[in-house]
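Following: one structure in structure tokens, then a few remarks.
The values are calculated or read from the model by the stated rules, or taken from the named source; none is laboratory data. All figures in this text were calculated on a predicted structure; none of them were measured in a lab. No Cβ is skipped: glycine too gets one built from the backbone with ideal geometry, and neighbour counts run over all protein chains shown. Remember, those area values only see protein heavy atoms, side chains included, never the ligands or the DNA or RNA. Shrake-Rupley method; radii C 1.70, N 1.55, O 1.52, S 1.80 Å.
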Amino acid sequence: MPNLRFIGGIAWMAVTIAGCGAATPPSAQTPMPSEPTLINYVDPSVVQGLNTRTLFSGETGNRHVHAVYPAVADAPRLTEKLHGIVSEELDRFTRHGAPALPKPEFNVDWQLAAASPEVLGVRLRIGRSMESGWNESRTTVWYDRTKRRALDSADLLTGRPALVTLAGVVRGELALRGPLVTPNALRPDREMFDSLGFNPRGDLVVEFDDEQVGLGVAGRVAVAVPSATAAPLLSELGLRAQRAAVRAKRVPVPTSQEEIEAASTDKPPARSSKAGSVDCAKLRCVALTYDDGPGPETSRLLDTLRAHGARATFFSIGSNASARPDLLRRMRDEGHLVANHTWSHRDLTMLPSSKIADQLTRAQHTIAQTLGQVPALMRPPYGDSDIQVAAIAGRLNMAVVRWNVDSEDRQDADPQAIADRTVTRAEPGAIVLLHDSHPATVDAAPEILRRLSAAGYTFVTVPELYGSGEMVPGRIYESGGVSTALDR
Ligand code: NI
């Protein structure tokens with residue numbers, strides 16, 4: 001059995017996404033948690049064989065898309081079901097999503113609702129921009145590890161009569177919530193009850209998509225049904241899922257932005273262990289940067305870099321990093337630099353300042369807890385930053401790093417073409433954009449390294465391009481020695 005534990009970043013995330021509070025009356029026996037619809041998510045790194053799969057991350061047409069889901073090696077049917085849900089939603093968005101908006105965005109974030117030797121629960125939070133604003137739907141898929149079956153949330157219940165009873169309980173609760181909630185929209189169908197989980201007390205948490213049973217401004221509407229009421233409605237799988245959620249060990253949860261920031265600032269800034277060994281004023285240096293990992297391709301890339309004695313900068317996504325801390329540690333140990341590419345790859349220029357800070361600090365916290373070092377560089381998703389993003393990065397002690405050489409790798413499945421473009425466009429002092437989430441990019445790495453080495457290049461991390469000059473937090477860097485007019 002895996003040793004289940006929680007990491008601060010994950011637990012804290014649960015606090016921040018809890019949203020609309022439930023007004024469930026406290027039971028007489030057990031103290032009520034401060035937010036009963038809060039699910040304490042499981043640290044994904046405790047699940048053996050779990051990796052993040054990237055269906056697509058980047059720009060397609062004018063759309064900004066980050067579509068990911070977890071894959072578990074010994075649960076292919078779970079992986080298949082998650083893939084199906086994400087592809088279908090992405091397909092719908094690509095065909096119809098908000099064509100009137102200048103930069104429509106689609107984003108998937110995921111968490112583990114439970115993990116035990118018997119059961120896994122994966123919650124997908126799928127967001128998309130619509131003409132009316134940002135809209136999120138939530139789906140929790142369950143996996144029965146003993147019978148090797150992937151199931152819907154409704155399968156946590158004994159059957160149709162249980163669903164009708166549960167809908168009645170939830171409607172009664174929603175009726176107390178005031179004018180933003182619309183209990184009459186609730187129907188006892190499986191589709192509507194597609195995101196069920198448990199809080200640490202074992203209460204059944206029923207959550208809805210935005211605008212499903214409430215107005216858009218209501219955000220996430222969720223109800224915690226007390227354990228005693230829910231127990232008779234639960235199937236065998238439901239009871240196992242409930243046990244897994246209750247047994248999971250809890251750790252103190254940092255509750256504020258300040259606490260998260262404090263946990264990061266007591267650690268030294270991240271730097272390559274080999275920084276200072278190369279003088280880029282004298283040598284032809286190039287900084288290869290790999291975004292959107294770590295993922296299933298990353299260790300193969302690390303093997304290639306090691307074989308060529310090359311160093312790189314990894315702009316890691318916090319959510320992916322939380323699943324594969326082993327890869328982050330390997331990057332650090334092999335002289336690479338780990339940097340911040342936000343928690344879940346939202347377009348920061350479309351977010352209010354509190355959410356920009358949230359995206360950055362959450363990733364910062366996860367990486368710092370893993371490495372004992374705090375990233376000093378960030379790269380904004382899609383390369384999109386503005387004065388506000390730069391100012392917040394600056395306050396959080398990070399320089400903003402863009403690039404001046406784009407390998408255009410994600411649009412290409414041909415490693416040869418990626419290698420040709422990268423080698424042709426490289427120049428001394430270049431910051432090169434690549435993606436370790438993209439298999440063809442990893443396939444192209446040996447040839448890129450071989451040809452650029454033959455041309456006299458040394459592969460360094462981004463700060464080494466600037467020699468002894470420190471990179472300034474909040475300043476935007478695009479290539480060695482050059483920073484843009486957006487400097488503060
Ligand atoms: Ni990216």
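Looking only at the stretch 377-428, residues that are open to solvent by 30 Å² or more (accessible area, probe 1.4 Å), away from the ligand (no atom under 16 Å from the Cβ) and among the polar types (S, T, N, Q) come to 5 in all.
Each row is one residue, and each column tells you yes or no for (1) on the phi > 0 side of the Ramachandran plot; (2) within 16 Å of the ligand (Cβ to nearest atom); (3) modelled with pLDDT under 90.
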| site | (1), (2), (3) |
| --- | --- |
| Thr24 | no, no, yes |
| Leu38 | no, no, yes |
| Tyr41 | no, no, yes |
| Gly49 | yes, no, no |
| Gly58 | yes, yes, no |
| Arg63 | no, yes, no |
| His66 | no, yes, no |
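Every listed requirement among (1) polar (S, T, N, Q); (2) farther than 16 Å from Ala113 by Cβ; (3) modelled with pLDDT of 95 or more is met by Ser195 save one, (2).
For Phe106, state whether it is aromatic (Phe, Trp, Tyr), in contact (Cβ under 8 Å) with a residue 40 or more places away in the chain and over 21 Å from Arg324 (Cα atoms).
For Phe106, the condition - aromatic (Phe, Trp, Tyr), in contact (Cβ under 8 Å) with a residue 40 or more places away in the chain and over 21 Å from Arg324 (Cα atoms) - is met.
Residues in the stretch 164-182 that are more than 32 Å from the chain's Cα centre (by Cα) and without any contact (Cβ under 8 Å) to a residue 40 or more places away in the chain were compared, and the one that is nearest to Ser137 (Cα to Cα) is Arg171.
Based on what the data block shows, is Leu360 crowded, with 20+ Cβ neighbours inside 10 Å, part of a helix (DSSP H, G or I) and within 16 Å of the ligand (Cβ to nearest atom)? So Leu360 passes the test.
So which strands (runs of 3 or more DSSP E) are wholly in the stretch 250-349 and hold at least 1 residues that are in contact (Cβ under 8 Å) with a residue 40 or more places away in the chain and away from the ligand (no atom under 16 Å from the Cβ)?
Where strands (runs of 3 or more DSSP E) fall fully within the stretch 250-349 and carry at least 1 residues being in contact (Cβ under 8 Å) with a residue 40 or more places away in the chain and away from the ligand (no atom under 16 Å from the Cβ), they are 284-291, 337-340.
Those strands (runs of 3 or more DSSP E) of the stretch 130-198 in which at least 3 residues are crowded, with 21+ Cβ neighbours inside 10 Å and not acidic (Asp, Glu), considering only elements entirely within it, cover 133-144, 196-198.
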